[in-house]
1. Which one of the conditions (1) at pLDDT below 85; (2) loosely packed, with under 11 Cβ neighbours inside 10 Å; (3) of a type in the set (Ser, Thr, Tyr) does TYR43 fail to meet, given that it meets all the rest?
2. Taking only the range 1-40 into account, find how many residues are open to solvent by less than 70 Å² (accessible area, probe 1.4 Å) and not in a helix (DSSP H, G or I).
3. Could you count how many residues in the range 8-19 are at pLDDT 80 or above and of a type in the set (Gly, Ala, Ser)?
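The values are calculated or read from the model by the stated rules, or taken from the named source; none is laboratory data. Quantities reported herein were computed from a predicted structural model and do not represent experimental measurements. Because the Cβ atoms are built from the backbone with ideal geometry, glycine has one as well, and the counts that use them run over all protein chains shown. Remember, those area values only see protein heavy atoms, side chains included, never the ligands or the DNA or RNA. Shrake-Rupley method; radii C 1.70, N 1.55, O 1.52, S 1.80 Å.
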Amino acid sequence: MGLFNAILAIASVLGSFVSAPLQHYLGYASLSGIGILSLGISYLVVIKENVTQQSE
């Protein structure tokens, strides 16, 4: 459980460092796009990991 919390904390910090400059340059209207992009990237990572685990 501690490892899960550590990974979640790292993801939150990295997400803040990436999205804050984008929000500054693109404005807060870009939040929906940034959220959808993040969701898409997360989905692709999960699908790839799931395929990798099934083939083993």
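1. In the conditions (1) at pLDDT below 85; (2) loosely packed, with under 11 Cβ neighbours inside 10 Å; (3) of a type in the set (Ser, Thr, Tyr), TYR43 misses (1) alone.
2. Total satisfying the criteria: 1.
3. Residues in the range 8-19 being at pLDDT 80 or above and of a type in the set (Gly, Ala, Ser): 2 in total.
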